[in-house]
1. Consider residue 123 carefully, then state whether it is in a helix (DSSP H, G or I) and in contact (Cβ under 8 Å) with a residue 12 or more places away in the chain.
2. Only one residue in 76, 83, 28, 71 is in contact (Cβ under 8 Å) with a residue 40 or more places away in the chain and over 17 Å from the mean Cα position of the chain (by Cα), so which one is that?
3. Where residues in the stretch 198-225 are under 15 Å from residue 357 (Cα atoms) and buried (at least 18 other Cβ atoms within 10 Å of the Cβ), which of them is farthest from the chain's Cα centre (by Cα)?
4. Only residues that are closer than 18 Å to residue 408 by Cβ and crowded, with 24+ Cβ neighbours inside 10 Å: list them for the stretch 328-346, please.
5. What are the residues in the stretch 313-340 that are at pLDDT below 90 and under 15 Å from residue 72 (Cα atoms), if any?
6. Could you check, for the stretch 74-88, whether at least one of its residues is in a loop (DSSP other than H, G, I, E, B) and either under 23 Å from residue 14 (Cα atoms) or in contact with a helix residue (DSSP H, G or I) (Cβ under 6 Å, 6 or more places away or on another chain) (or both)?
7. Residue 405 is checked against (1) assigned to a helix (DSSP H, G or I); (2) under 23 Å from the mean Cα position of the chain (by Cα) and fails just one. What number does that condition carry?
8. Mind checking whether some residue in the stretch 163-174 is farther than 30 Å from residue 12 by Cβ and crowded, with 21+ Cβ neighbours inside 10 Å?
C-alpha cells in the first residue's frame, strides 16, 4: 500500500511514486491558492477601476467560496470514480482558465462569473490531492506529510502577494490575473508523471454520484455533521480575517486601517506567510505526537487570543513582529483537515467526502468576508475583523465535545468510522 519510508524521518526511503504524488499535490495547491487569493491582493484597484464598493467585492469573494463547495463535490466524485490524478488535472485546468478570464472582465458582474469558475477548480484540487497523498504515504507519517503539502498554502499566498507587487504597478491589475493561466502547464506534468494510488486501484468499488451521496449521508451522518461544523466555523474565522487583511493594512487610519503603502503591506503579507508556513508544518508534527483533537484545540485557542492582540497593535515594527505569530495559529489548523477526513471515510468515497466537507465548510465561510465588509461601513474594517475570533472559539468547542481521535488509523476500504467514534 505504501513504500518503505523511515520510521523516524518521513522523507527517508520514500519511493519515486510517493514523491511524485507529494509534488503533484504540493504544486497544485501552491497555484490553487495563488489563483484564489490574487483577488484579495488587487481588490483595492478593482474597486477603484470599476467604481464599485466593499460590499460588492465581499460578495464576489463569497460567491467564489460558495462555488468551491460544488467544485469539491464534482471533482471529488471524479477522483473517486475515475482517478485522483485525472481529477487533479481537470481541476487545475479549471481554475487556471477561470483566473485568466478574470483579467478580461468588463465589470463586477463578469468578474464574479469568472471567479465562480475559479472557485469550482479550487474546490476540486484539494480533495483529489489529499486523497492521493493520504493513500500513498504511511499512516505514521500522514499528518507530517500532509502538513508539508498544506504549507503550499503559504507559498501560494506569498506568491500572489509578490505578483501583485511586481506586476500591478507596471502593467495593471488585469495582468495579475493573466499570469493565472500558467498553472495549466502543471496539469500536463501531473497527467504524464503521476500514478494513481494503489489503495484506489485495489479498492475495486466505483460508486456512482447518487451512491456516493447516499453512502456519505446515510452511513456516516454524524461524522459528516461534526467535520462540517468545525471546518465551517474555523474557515469563517480564517476567511473573515485574512480576506480583508490586505485592505486593512492599506486603508487609512481614519477608516480603521493601518495606512501602509503597497511595499509595506506586501512585505508584511510575505512575512506573515512565513508564520503561516511554520503553522502548517508544525501542526502536522504536533498532531502526529499528541493527536488530531488536541492539536486543533491548541491552535484554535491560540488564534482566539492572537486576533484581538494583533488588531489593537499600532506600531509598524510590532505589527511586523506579531503578524507571523497570528498567522501561525490562525492558519496552521488547515493541516489537520486532510489526515482527519482521510482517516474517517473509506476509499470509495474518500475524495468525495474530503472535497465536499472541506469545500462545503469553505462555502459556509463565504458569509464571513461579506459580513466583515458590511460591518466595516459603520465600525471600521479593523473592528469588524475582531469578531472573527468568535468563530475560532466555536470551532474549538465543536472539536472538544464531538470530534473523534483518528491518529494512527490505517486507511480502509470499508467504513472505518465505528458507532462509538463520535462519543466520548
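The values are calculated or read from the model by the stated rules, or taken from the named source; none is laboratory data. Please read all numbers here as calculations on a predicted model, not as lab measurements. All Cβ positions, glycine included, derive from the backbone under ideal geometry; neighbour counts span all protein chains shown.
1. So residue 123 fits the description; yes.
2. From the options 76, 83, 28, 71, the qualifying one is 83.
3. 215
4. Of all residues in the stretch 328-346, those closer than 18 Å to residue 408 by Cβ come to 335-346.
Listed by number, the residues that qualify are 335, 336, 337, 338, 339, 340, 341, 342, 343, 344, 345.
5. Result: 338, single match.
6. Start the filter on the stretch 74-88 by keeping residues that are in a loop (DSSP other than H, G, I, E, B), which leaves 83.
When the remaining residues are screened for being either under 23 Å from residue 14 (Cα atoms) or in contact with a helix residue (DSSP H, G or I) (Cβ under 6 Å, 6 or more places away or on another chain) (or both), the result is 83.
Scanning the stretch 74-88 turns up at least one residue that is in a loop (DSSP other than H, G, I, E, B) and either under 23 Å from residue 14 (Cα atoms) or in contact with a helix residue (DSSP H, G or I) (Cβ under 6 Å, 6 or more places away or on another chain) (or both).
7. Among (1) assigned to a helix (DSSP H, G or I); (2) under 23 Å from the mean Cα position of the chain (by Cα), residue 405 violates only (1).
8. Yes, because at least one residue in the stretch 163-174 is farther than 30 Å from residue 12 by Cβ and crowded, with 21+ Cβ neighbours inside 10 Å.
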